[in-house]
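The values are calculated or read from the model by the stated rules, or taken from the named source; none is laboratory data. Nothing here was measured: the structure is a model prediction, and the numbers come from that model. Positions of Cβ are backbone-derived with ideal geometry, glycine not excepted, and every protein chain shown enters the neighbour counts.
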Number of protein chains: 2
Amino acid sequence: MDAAEFRKRGKEMVDYVADYLEKIDKRQVFPDVEPGYLRPLIPDCAPQDPESFEDVFKDIEKIIMPGVTHWHSPYFFAYFPAASSFPALLADMLCGGIGCVGFSWAASPACTELETVMLDWLGKMINLPEEFLAGKDGQGGGVIQGSASEATLISLLAARTKTIRQVQSENPELTEADIMGRLVAYASDQAHSSVERAALIGGVKIKNVSSDDKFTVCGSALKKVLDEDKASGLIPFFFCATLGTTPCCSFDRLLELGPICNKENIWMHIDAAYAGSAFICPEFRHLLNGVEFADSFNFNPHKWLLVNFDCSAMWVKKRSDLIGAFKLEPLYLQHHHQESGLVTDYRHWQIPLGRRFRSLKLWFVLRMYGVTGLQEHIRKHVRLSHQFEHLVLQDERFEICAEVVLGLICFRLKGSNELNKALLKSINEAKKIHLVPCYLREKFVLRFAICSRTVESTHVKFAWQHISQLATDLLQTWEHNDHQQ
Amino acid sequence: MDAAEFRKRGKEMVDYVADYLEKIDKRQVFPDVEPGYLRPLIPDCAPQDPESFEDVFKDIEKIIMPGVTHWHSPYFFAYFPAASSFPALLADMLCGGIGCVGFSWAASPACTELETVMLDWLGKMINLPEEFLAGKDGQGGGVIQGSASEATLISLLAARTKTIRQVQSENPELTEADIMGRLVAYASDQAHSSVERAALIGGVKIKNVSSDDKFTVCGSALKKVLDEDKASGLIPFFFCATLGTTPCCSFDRLLELGPICNKENIWMHIDAAYAGSAFICPEFRHLLNGVEFADSFNFNPHKWLLVNFDCSAMWVKKRSDLIGAFKLEPLYLQHHHQESGLVTDYRHWQIPLGRRFRSLKLWFVLRMYGVTGLQEHIRKHVRLSHQFEHLVLQDERFEICAEVVLGLICFRLKGSNELNKALLKSINEAKKIHLVPCYLREKFVLRFAICSRTVESTHVKFAWQHISQLATDLLQTWEHNDHQQ
């Protein structure tokens, strides 16, 4: 395919994508396919000779679309939102065209420098303390990671290296393995599984801190486990606080936890993967109070800030902590400007070496929506979630299971877990909307997340009427069959 | 921006990208900017109110392009190639439009299933042993990682978990920390820095194995260090063999190393990040002989197989080894089909949770080029590298520093490192072409990598004449100033 054909096919693809997104509400949100559906539909091997674009293009509707879960459908209420917007799609086209691999400043100065400045823009939008910004000569700064999991892992590894060095400087007789065996990290029992995974990867212990009846970790709960562990010879070194937990969007109490971490010399990382985008609205910014005690902070514009996946924003107060954990410098990656204080080599800030020009997406989205446009998007979602909450509360068969703060509602039928599992099954089998569940303590709960950029009040109302009707049907047979326990 | 405007702007962006790539040879390959150039060019904060697409668009040439290193210029001969092709760009547009996050089968069945089948296609193209393929009910299979660094890390972590479990089952009195402190990984002294980094992240020791005068690790070198380490109580558990090292594209001797690893119960991972793409040509496939002894294998179609970054292909013989190292399963990520043998949840195969629909790029590229089209691309690059080698060899002032096997030539002026540093400096300051150096043993060497999809014989000839002229100029002043030592 030459440039001339790309011009033609590229424009066809633009129209296909526009059509797909414009009419996505006409597609069934969750596919009908069974596992293994795709393999029989395509050849066993790559073709020897080139096929035409038309051949490939017609297979999109035939082979791909029947197996797609439509994350941008206004009937998609599962997981958390995946961001998507036209400005971000345009930026990604440009990113692909430039096709640079920005692992160092010299590998593409614009790629590195725009990222640093965009993370400053974004940091200012959520009113992050100055220390987290790169500014002209700050010690902190931001970076785009691929996912919150990587941000958590990177911060845990930085904390691990820092602590090992500290302990060794005070106790030179201890080996690294001795110290590693005593290190312990902490997170809420409501924290995302990626925190446990980060500890697993880093080869250190991790312990759950009990959350309270609001699914929130408070200072005394952390203090208790720290005291016990220190008494038994362990070395607490890392605490991951969550703002907006995955099960129910609860918020750990930073203002209590932060001072404890600072006093005990424990790295505090804040994972606000979903909730972080809301902090651009002044009325939600208070949820971030206490960030001033943290060493690192992360949220995902690719969840709720209209920047297509992947774009996970992470900030640290001291970039030297990150770089110190990783810096390895072979000659072929060195460059002339390396020692200048203005140069950032982002490969030292992340797990992979290579990186795409992802800051273009932020630049396009922040400029073409403006802060007010993005605030409107967040506020619309929160308004819709309260609308759904209100509908649930009006129906006395149901209960709300956790405070609705942002765009997630946890709810269930009053009754057994089996009953609620049956309700979810009937919802997801009908495939008119799509939800996923969670457990809150021992309760099986349905999560209703406001997801799509184009979701409106009518979709939420439809979803509720549908759920309500399925519940009515279910309760009739359930009572009839005497399943209720 | 609504869909109607996206149709208009998307088409403009398609033309912009086509123009950029068509006329990229007219741009200076390496930018003139100094560190910190970008910040003064843009505002301090995101705008409150939306800006128009035109505003943003005109800033691409004004602010971004002056700071771009043009990786796809035919005058770019640095690092290794970054792949780019029009079919891959089209696929990425579709990937962005669908915008699913395929962490589990249910999160988007097509995303998972196409990936599995595409990795089978690709595995067959390089004639990987059957055990590495997923097939209909294989124990192995492939996955797309973001980078070779992640593939190395994942395999090292899988090996670590496997070994710890094994050792603990034989010595239940040993703690995980005891064992971790004795684990040791190995790689060539020519291996990429990401291998050392993987060990650093995994909290285990790593040792260099000495390469021979061809920059190759042979069996006896590995055997020697294994015997020493076992005698001193260490537990060897992981060896990363390299096919196509970054400094000079040398190849470790798999046929000697593999049997040793198998006998010693050491996980052998093969990193063929750059060279792997060449194995689709029968005349280069012999370089992969011995892969049958490996536990995991990785190469980067995003380097040399015309699939835009990121697309790093990794295969394992036993998927249970990867999954066993990581599997954590909260309820909100479980789904109905989970226990079926046909279902793959790729989140257990990688560091991040989220993942884009990257297999679309493979599907488009493999079909629209066909195997023969991709073979032609590889063969053209290898032909051009031998052309450059030939030009160097005809000039007795220069020497070739390592065997030219694929698309990389390591060369230097006969003389001191200082002389060669001066030559590289004059080349990169002239900015007509772009190269990076490496050290081979103590020698400072220039790396000339055939990179661009559109590079032709005329560009290579131009590059050589340019280098040759700069060398003439340099040698005159050098001799005049009596700098030569």
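Among the residues of region A:426-451, those identified as assigned to a loop (DSSP other than H, G, I, E, B) and β-branched (Val, Ile, Thr) are A:ILE433, A:ILE450.
Quick check on B:ARG165: is it over 17 Å from the mean Cα position of the chain (by Cα) and buried (at least 20 other Cβ atoms within 10 Å of the Cβ)? Here the answer is no, as B:ARG165 does not meet what is asked. Taking (1) hydroxyl-bearing (Ser, Thr, Tyr); (2) in contact with a strand residue (DSSP E or B) (Cβ under 8 Å, 6 or more places away or on another chain); (3) over 18 Å from B:PHE326 (Cβ atoms) in turn, B:SER169 satisfies each apart from (2).
For region B:1-29, a residue qualifies if it is assigned to a loop (DSSP other than H, G, I, E, B) and under 22 Å from A:ASP2 (Cα atoms), and the qualifying residues are B:LYS23, B:ARG27, B:VAL29. Being over 27 Å from B:MET65 (Cβ atoms) and over 25 Å from the mean Cα position of the chain (by Cα) is a condition met by no residue of region A:105-113.
Among the residues of region B:20-46, those that are more than 9 Å from every other protein chain (Cβ to nearest Cβ) and either of a type in the set (Val, Ile, Thr) or closer than 25 Å to B:CYS451 by Cβ (or both) comprise B:LYS23, B:ILE24, B:ASP25, B:LYS26, B:ARG27, B:GLN28, B:VAL29, B:ASP32. Out of curiosity, is A:ARG347 outside any loop (DSSP other than H, G, I, E, B), crowded, with 24+ Cβ neighbours inside 10 Å, at pLDDT below 95 and among the basic types (Lys, Arg)? In short, yes. Among the residues of region B:178-192, just one is surrounded by fewer than 19 Cβ atoms within 10 Å (Cβ to Cβ) and either in contact with a helix residue (DSSP H, G or I) (Cβ under 7 Å, 6 or more places away or on another chain) or under 20 Å from B:ALA273 (Cα atoms) (or both), namely B:ASP189. Against the numbered list (1) in contact with a helix residue (DSSP H, G or I) (Cβ under 9 Å, 6 or more places away or on another chain); (2) under 18 Å from B:VAL455 (Cβ atoms), B:LYS431 comes up short only at (1). Tell me yes or no: at least one residue of region A:241-253 is under 24 Å from the mean Cα position of the chain (by Cα) and of a type in the set (D, E, K, R). Checked against the condition, which is being under 24 Å from the mean Cα position of the chain (by Cα) and of a type in the set (D, E, K, R), region A:241-253 yields at least one hit.
Looking at the structure I just gave you, is B:VAL405 touching a Phe, Trp or Tyr at 6+ places or on another chain (Cβ under 6 Å) and under 20 Å from B:PHE80 (Cβ atoms)? So B:VAL405 fails the test. Filtering region B:319-342 to residues that are modelled with pLDDT of 65 or more and under 24 Å from A:ALA198 (Cβ atoms) leaves B:ARG319, B:SER320, B:ASP321, B:LEU322, B:ILE323, B:GLY324, B:ALA325, B:PHE326. When restricted to residues that are within 14 Å of chain B (Cβ to nearest Cβ), of a type outside the set (D, E, K, R) and part of a helix (DSSP H, G or I), region A:169-204 contains 11. State all residues of region B:80-95 that are within 7 Å of another protein chain (Cβ to nearest Cβ) and either at pLDDT below 95 or assigned to a helix (DSSP H, G or I) (or both); if no residue qualifies, say none. Hits for region B:80-95 are B:PHE86, B:PRO87, B:LEU89, B:LEU90, B:ASP92, B:MET93, B:LEU94. Looking across B:ASP49, B:ASP59, one residue alone is out of contact with any strand residue (DSSP E or B) (no Cβ under 6 Å at 6 or more places or on another chain), at the interface with another protein chain (Cβ under 7 Å from one of its Cβ atoms) and under 21 Å from A:GLY370 (Cα atoms). It is B:ASP49. Scanning region A:283-308 for residues that are assigned to a helix (DSSP H, G or I) and in contact (Cβ under 8 Å) with a residue 12 or more places away in the chain yields A:PHE284, A:ARG285, A:LEU287, A:LEU288, A:VAL291, A:GLU292, A:PHE293, A:PRO301, A:HIS302, A:LYS303, A:TRP304. So is A:GLY67 surrounded by fewer than 23 Cβ atoms within 10 Å (Cβ to Cβ) and either more than 7 Å from every other protein chain (Cβ to nearest Cβ) or closer than 30 Å to B:PHE57 by Cα (or both) or not? No. When region B:224-256 is filtered for residues that are in contact (Cβ under 8 Å) with a residue 40 or more places away in the chain, within 26 Å of B:TRP304 (Cα to Cα) and outside any loop (DSSP other than H, G, I, E, B), the ones remaining, listed by number, are B:PHE239, B:CYS240, B:ALA241, B:THR242, B:LEU243, B:PHE251, B:LEU254. Among the residues of region A:211-225, those that are within 16 Å of A:MET268 (Cβ to Cβ) and within 26 Å of the chain's Cα centre (by Cα) comprise A:THR216, A:VAL217, A:CYS218, A:GLY219, A:ALA221, A:LEU222.
Name the one entry in A:LYS162, A:LYS214, A:LYS136, A:LYS207 that is part of a loop (DSSP other than H, G, I, E, B) and over 30 Å from B:GLY67 (Cβ atoms). Going through A:LYS162, A:LYS214, A:LYS136, A:LYS207 in turn, just one is part of a loop (DSSP other than H, G, I, E, B) and over 30 Å from B:GLY67 (Cβ atoms): A:LYS214. Checked against the criterion of being small (Gly, Ala, Ser), at negative phi and buried (at least 24 other Cβ atoms within 10 Å of the Cβ), the candidates A:ALA241, A:ALA221 yield just one match: A:ALA241.
Exactly one condition in (1) among the hydroxyl-bearing types (Ser, Thr, Tyr); (2) modelled with pLDDT of 95 or more; (3) within 25 Å of B:ILE144 (Cα to Cα) is false for B:SER194; which is it? Every condition holds for B:SER194 apart from (2). Scanning region B:96-126 for residues that are more than 7 Å from chain A (Cβ to nearest Cβ) and closer than 14 Å to A:ASP44 by Cβ yields B:THR116, B:MET118, B:LEU119, B:ASP120, B:LEU122, B:GLY123.
Just to be sure, is A:SER155 surrounded by 21 or more Cβ atoms within 10 Å (Cβ to Cβ), within 16 Å of the chain's Cα centre (by Cα) and more than 9 Å from chain B (Cβ to nearest Cβ)? Judged against the criteria, A:SER155 is a match. Scanning region A:128-140 for residues that are closer than 11 Å to A:MET314 by Cα and modelled with pLDDT under 95 returns a single hit, A:GLY140.
None of A:ARG412, A:ARG453, A:ARG447, A:ARG441 is within 14 Å of chain B (Cβ to nearest Cβ) and modelled with pLDDT under 95 except A:ARG441. Of all residues in region B:392-425, those satisfying the criterion of being of a type in the set (A, V, I, L, M) and either part of a strand (DSSP E or B) or more than 25 Å from B:PHE251 (Cα to Cα) (or both) are B:ILE400, B:LEU408, B:ILE409, B:LEU413, B:LEU419, B:ALA422, B:LEU423, B:LEU424.
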